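Here is the structure we will look at, set down as structure tokens.
The values are calculated or read from the model by the stated rules, or taken from the named source; none is laboratory data. The model shown is predicted, which means the values in this text are computed figures rather than measured ones. As a convention, Cβ positions derive from the backbone with ideal geometry for all residues, glycine included, and neighbour counts pool all protein chains shown.
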Amino acid sequence: MFIQCDTIASAKRELIQAIREEGYEQHIEKGSFEKEATYRRQVPNVLVDIMTPQEKFDKPAHVTDLEIRKYAATLVDPDCPKNADYTYGERIADQIQEVIAMMSYSKNTNQGVIEVGAPEDILLKNPPCLRLIQFMFYEEKLNMSVYFRSNDIESAFLMNMYGLAELQNIVAMIAGLEPGKISYMCAGAHIYIFGG
């Protein structure tokens, strides 16, 4: 499924509509809420191009700029408190410095890749949902592609994407480039259905 949207908030709205209309029911045998949710409604293999992820004019009021900055900081802070077997910060921090250096000096490359996932994640009870971030310069902008193995569109998508857009903005600013679009890929974009 391919969706093109202007903003992160419009991407969320279109994803939820697509999940409700075209999704399938998956009873949860392993994963988040396996004992609480009855099932998740899900669409597989989603690609969403968010053309202006820096635009926040339609951002919901409950998602503040301070919360976005705090979440973005956890993506690059190796010392942020752990609430699981890993943090994104400890996996991303060293790599983001290399990507910034790379994009500053040789922007025309396909090697600006941050691998968030690790082979040993297969053994974790709750492995990271965000697995890969790639920066590429084309159409005169620094564009970002992100890959999620799974993503809760109702409760996690906005913060994930606003935080990643903030990260994209920081990389672009330090590298002296203009931020472009975000291409969001997800193998299992879903909403949880509780009870009944």
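Computed values, structure above
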read-out	value
Ala84 modelled with pLDDT under 95 and surrounded by fewer than 16 Cβ atoms within 10 Å (Cβ to Cβ)	yes
Filter result (more than 16 Å from Ala165 (Cβ to Cβ) and among the acidic types (Asp, Glu)) within segment 55-106	Asp77, Asp79, Asp85, Glu90, Asp94, Glu98
Some residue of segment 106-127 being surrounded by 13 or more Cβ atoms within 10 Å (Cβ to Cβ), among the basic types (Lys, Arg) and more than 25 Å from Val46 (Cβ to Cβ)	yes
Selected residue (criterion: surrounded by the most Cβ atoms within 10 Å (Cβ to Cβ)) from residues of segment 2-26 that are of a type in the set (Gly, Ala, Ser) and under 16 Å from the mean Cα position of the chain (by Cα)	Ala11
Scan of segment 93-118 for residues that are within 20 Å of Arg131 (Cα to Cα) and in contact (Cβ under 8 Å) with a residue 60 or more places away in the chain, ordered by number	Ile96, Val99, Ile100
Pairs with Cβ under 8 Å, 6+ apart, first in segment 174-196 and in contact (Cβ under 8 Å) with a residue 40 or more places away in the chain, second part of a loop (DSSP other than H, G, I, E, B) and aliphatic (A, V, I, L, M)	Lys181/Met51; Ala189/Ile153; His190/Ile153; Ile191/Ile153
Pick from segment 33-59, criterion among the polar types (S, T, N, Q) and surrounded by fewer than 16 Cβ atoms within 10 Å (Cβ to Cβ), ranking: farthest from Leu158 (Cα to Cα)	Thr38
